[in-house]
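The values are calculated or read from the model by the stated rules, or taken from the named source; none is laboratory data. Nothing here was measured: the structure is a model prediction, and the numbers come from that model. Cβ placement follows ideal geometry from the backbone for every residue including glycine, while neighbour counts extend to all protein chains displayed. When the accessible area is computed, the model is the full protein with side chains, heavy atoms only, and any ligands, DNA or RNA have been set aside. Shrake-Rupley method; radii C 1.70, N 1.55, O 1.52, S 1.80 Å.
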Amino acid sequence: MALPDFAVTNLTLPETPHAVDLLCRKGHVLGVAPHAPGTAYENARVIDGRGLTLLPSLTDAHAHLREPGQEWKEDIASGLAAAAAGGFANVMCMANTSPVNDTASITEHMTKRAAESWPGGPRLFPIGALTKGLLGRELAPMAELAQAGCVAFSNDGRPVADAELFRHAMEYASDLGLHVIDHCEEPTMAPGAGMNEGRVSSRLGLPGQPDVAEAIQVARDVLLADYLRIPIHLAHVSCRRSVEIIERAKAKGVPVTAETCPHYLHFTEAEVEGYNTLAKVNPPLRTRDDVLALIQALRQGVIDILATDHAPHADHEKETPFGEAPCGISGLETALSLSLVLTDKGMLDAGDIIRLFSTNPARIFKLPHNTFAPGDPADFVLFDPRQAWTVTPESLFSKGKNTPCLGRTLTGRVMAHFIGGQPVFTRGEFAPAATTAASRRIHGRNS
Amino acid sequence: MSWPHKDLLDVSQLSRDDVAVVMKTAASFREINSRPVKKVPTLKGRSVVLFFAEPSTRTKTSFDMAGKRLSADTFALTKSGSSLVKGESLKDTVLTLLAMNPDAIVIRHGESGAADFVARRVSCAVINAGDGRHAHPTQALLDAFTLLEKWGTLAGKTVCILGDIAHSRVARSNVILLSMLGAEVRLCGPRTLLPPSVDGWGVEAHSDLKKAVAGAHAVMCLRLQLERQQAGLLPDLREYAGRYCLSSAALAGAAPDVRVLHPGPINRGIEISSELADAGQSLILDQVASGVAVRMALLHLFITRKDRGDKE
């Protein structure tokens, strides 16, 4: 075996009792070895990882980075800073920018901005528009977009009502071997409500979106996927009714994959009490019963992945009456802590989180990822499962401070994040490990 | 009489004792309104902003009159005259108003929760004059005042609220207040105009007018907005009126001395028949008179509480 040029020693792997050393060479994994005290890795950079948990870097299949066009909410540099701090090595960004990402020049602009601001990663993978201008009338030039670097297509945020057009979009994308990601929402049923229809909305006098508005579109999509035998990926599933449809479809062998987001696992419609615009999100936060259905679906593989649906907004945009506020939660930096809370509660295990937030999304969208097998990219997170932190605006690198976690204390925090063996983010005592320009910039603002 | 609240956002925040204080105070002001000179110096030198971001004539006039009869200076800010049409955020409008240092802000706004939004950001009293579909506490208080003047108590009484419940802040606040005061409240309207999850409201809901008014001591009609037809909630007004227009005939099964209320403005022949609106059992004009007295009471209680050192 080749000798490591970089080692992190004395680490804990989730659900493994003994300590390990992670050995890397030239930005790739050599292997994970049992920790042997006193082992000197000569000519290697060595970091003592005592007390820290080793996780592969995550892949976010669903983020809004707002650039070009809405840089006051977020830009690619700040969004990738949030990704670095949150443990994401791959970020797939949605097409609802301004202008919309429906031409190669926009895609190329995005990837160029990413390479300029974060040359060593996190890596940006744009998602192309499914229809021109996201208007749901004509197909976007998907081949051109794929050529420019788009890894999937979606009309996220502007669901396509026209079933015929949607069918053709799936067919056209399948020629290119790429997935359509659908934001499932029957667009005539309380569009943009940002609140579940139910007892809370009824009492607060807010128009609510019923869960069937999502499930109707989920049903359409799985029927099309079954009929066409073309895979489809369903974005941010929020309710039991959708889970039931997906479960039946999978049992029948329909090529469907699905995602949900950490906020749907932690919060319910009750979070909107007091007209809390930070809890306004689309699809809306649902009920306790839906939360339980989603967690079970994740455990059983009915829902395949977790994604953040990171949707940053400026403070002043959320500081309005509920009905006027935009939908969205800033999620890149709380995702891992929120997800691992579920392991403390015994609802999922750490292996599930790795599968849901790393292996599965990277496999579905064919992105580089680390399984700690020799030759894998040395993309990993050093995570302190005991560190408690309070979510404040200052604690977040994203420009979007809009999260219902604000003011809450979470347990477990990313202490360092390496991509290709290089640190892209370090916190606190890991300052000495920060050697690249990028990591120096990010370090210290946020310990 | 101590008053523990900074703001009036909805009746749900009030205790029965609070409501009794409002009723008692309103009764004392009602007398002023029948004098030849209808003005007392109680709020002299105090200023009240009437911030109406949604069209309203009667509620605004009622508050304006209430303020003036207590000698307060009232300043009206309406949507067409305000910066809201130019895109100023509610937050900035409110900060500007606050800089003018009023003693109270009366707010009407199309968004549910708007009064709460303002109240969290200002130190003066905020009185909700209607926010979206959410709440209209002063309307509920004046409705209760009107009924109490007739009956003395609401205990053992049945009140039916009829019409577009789903979109009605008047219905929401009245369900809470009338129930609190001991009345049995029933809701009535086509299923499309009953709110989702109405079972969470803790009252009976009917789509059959006959059943809803059976034995009722009062029926409160709500104004039907024409937009409901365009939104696909109703076929047309004619069919609606055929099923739900309240008339003497429709009240056949109600209590013999059944009273009729309407927050106004009324659509004659749609939610209430013209003859019933003008009949002796109609309390519609009593509601208008009660409105001024109740709003005088509220302005008085909220604006003078600091002088009295009332604790929250």
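Overview of values
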read-out: Residue check for B:Ile176: in contact with a strand residue (DSSP E or B) (Cβ under 9 Å, 6 or more places away or on another chain), facing chain A (nearest Cβ under 10 Å) and either within 25 Å of B:Ala289 (Cα to Cα) or polar (S, T, N, Q) (or both); value: yes
read-out: Failed item in (1) in contact with a helix residue (DSSP H, G or I) (Cβ under 7 Å, 6 or more places away or on another chain); (2) within 14 Å of another protein chain (Cβ to nearest Cβ); (3) outside any strand (DSSP E or B), with B:Thr146 passing the rest; value: (2)
read-out: In the stretch B:200-216, residue farthest from the other protein chains (Cβ to nearest Cβ) [restricted to those that are closer than 19 Å to B:Ser173 by Cα and open to solvent by 50 Å² or more (accessible area, probe 1.4 Å)]; value: B:Glu204
read-out: Among the candidates B:Leu298, B:Leu261, B:Leu285, residue that is away from chain A (no Cβ under 14 Å), buried (at least 16 other Cβ atoms within 10 Å of the Cβ) and more than 29 Å from B:Ala119 (Cα to Cα); value: B:Leu261
read-out: Any hit, the stretch A:11-26, residues being modelled with pLDDT of 95 or more, touching a Cys at 6+ places or on another chain (Cβ under 8 Å) and aliphatic (A, V, I, L, M); value: no
read-out: Single match in B:Lys39, B:Lys68 (criterion: without any contact (Cβ under 8 Å) to a residue 60 or more places away in the chain, assigned by TED's automatic domain parsing to the domain that holds B:Leu97 and either assigned to a loop (DSSP other than H, G, I, E, B) or aliphatic (A, V, I, L, M) (or both)); value: B:Lys39
read-out: The stretch B:217-231, residues that are open to solvent by 20 Å² or more (accessible area, probe 1.4 Å) and in contact (Cβ under 8 Å) with a residue 12 or more places away in the chain; value: B:His217, B:Arg223, B:Gln225, B:Arg228
read-out: Inter-residue pairs, beta-carbon under 8 Å, first under 18 Å from A:Pro210 (Cα atoms) and in the stretch A:271-299, second of a type in the set (D, E, K, R) and in a loop (DSSP other than H, G, I, E, B), 6+ apart; value: A:Val272/A:Lys280; A:Val281/A:Asp309; A:Asn282/A:Glu185; A:Pro283/A:Glu185
read-out: Contacts under 7 angstrom Cβ, first residue in the stretch A:86-102 being in contact (Cβ under 8 Å) with a residue 40 or more places away in the chain and within 9 Å of A:His310 (Cβ to Cβ), partner charged (D, E, K, R) and open to solvent by 10 Å² or more (accessible area, probe 1.4 Å), 6 or more apart; value: A:Gly86/A:Glu333
read-out: Matching option when the condition is within 14 Å of chain A (Cβ to nearest Cβ) and touching an Asp or Glu at 6+ places or on another chain (Cβ under 6 Å), among B:Ala140, B:Ala166, B:Ala135; value: B:Ala135
read-out: Tally, over the stretch A:257-282, of residues that are crowded, with 24+ Cβ neighbours inside 10 Å, charged (D, E, K, R) and assigned to a loop (DSSP other than H, G, I, E, B); value: 1
read-out: Tally of residues being assigned to a loop (DSSP other than H, G, I, E, B) and aliphatic (A, V, I, L, M) across the stretch A:316-342; value: 2
read-out: Elements of type strands (runs of 3 or more DSSP E) in the stretch B:182-236, at least 1 residues being over 26 Å from B:Asp286 (Cα atoms); value: B:204-206
read-out: Breaking point among (1) open to solvent by 40 Å² or more (accessible area, probe 1.4 Å); (2) out of contact with any Gly (no Cβ under 8 Å at 6 or more places or on another chain), for A:Ala215; value: (1)
read-out: Residue check for B:Gly253: in a loop (DSSP other than H, G, I, E, B) and on the phi > 0 side of the Ramachandran plot; value: no
read-out: Within the stretch B:99-118, considering residues that are open to solvent by less than 10 Å² (accessible area, probe 1.4 Å) and of a type in the set (A, V, I, L, M, F, W, C), the one farthest from the other protein chains (Cβ to nearest Cβ); value: B:Ala104
read-out: Yes/no for A:Asp352 being over 24 Å from A:Val151 (Cα atoms) and open to solvent by less than 30 Å² (accessible area, probe 1.4 Å); value: yes
read-out: Within the stretch B:71-90, considering residues that are assigned to a loop (DSSP other than H, G, I, E, B) and more than 12 Å from B:Ile107 (Cα to Cα), the one modelled with the lowest pLDDT; value: B:Gly81
read-out: Residues satisfying the stated conditions in the stretch A:283-315, i.e. open to solvent by 30 Å² or more (accessible area, probe 1.4 Å) and either of a type in the set (A, V, I, L, M) or part of a loop (DSSP other than H, G, I, E, B) (or both); value: A:Thr287, A:Leu292
read-out: Of all residues making up the stretch A:1-47, the number that are surrounded by 14 or more Cβ atoms within 10 Å (Cβ to Cβ) and assigned to a strand (DSSP E or B); value: 23
read-out: Residue within the stretch A:357-365 that is crowded, with 24+ Cβ neighbours inside 10 Å, touching a Cys at 6+ places or on another chain (Cβ under 9 Å) and in a helix (DSSP H, G or I) present; value: no
read-out: Verdict on A:Met195 being within 14 Å of chain B (Cβ to nearest Cβ) and surrounded by fewer than 22 Cβ atoms within 10 Å (Cβ to Cβ); value: no
read-out: Meets criteria (outside any loop (DSSP other than H, G, I, E, B), under 19 Å from B:Leu142 (Cβ atoms) and not hydrophobic (A, V, I, L, M, F, W, C)) for B:Ser56; value: no
read-out: Qualifying residue in the stretch A:425-442 (condition: part of a loop (DSSP other than H, G, I, E, B), among the small types (Gly, Ala, Ser) and modelled with pLDDT of 95 or more); value: no
read-out: Test for B:Glu54: is it touching a helix residue (DSSP H, G or I) at 6+ places or on another chain (Cβ under 8 Å), within 14 Å of another protein chain (Cβ to nearest Cβ) and among the acidic types (Asp, Glu); value: no
read-out: Per-region count, the stretch B:149-165, residues open to solvent by less than 10 Å² (accessible area, probe 1.4 Å) and assigned to a loop (DSSP other than H, G, I, E, B); value: 4
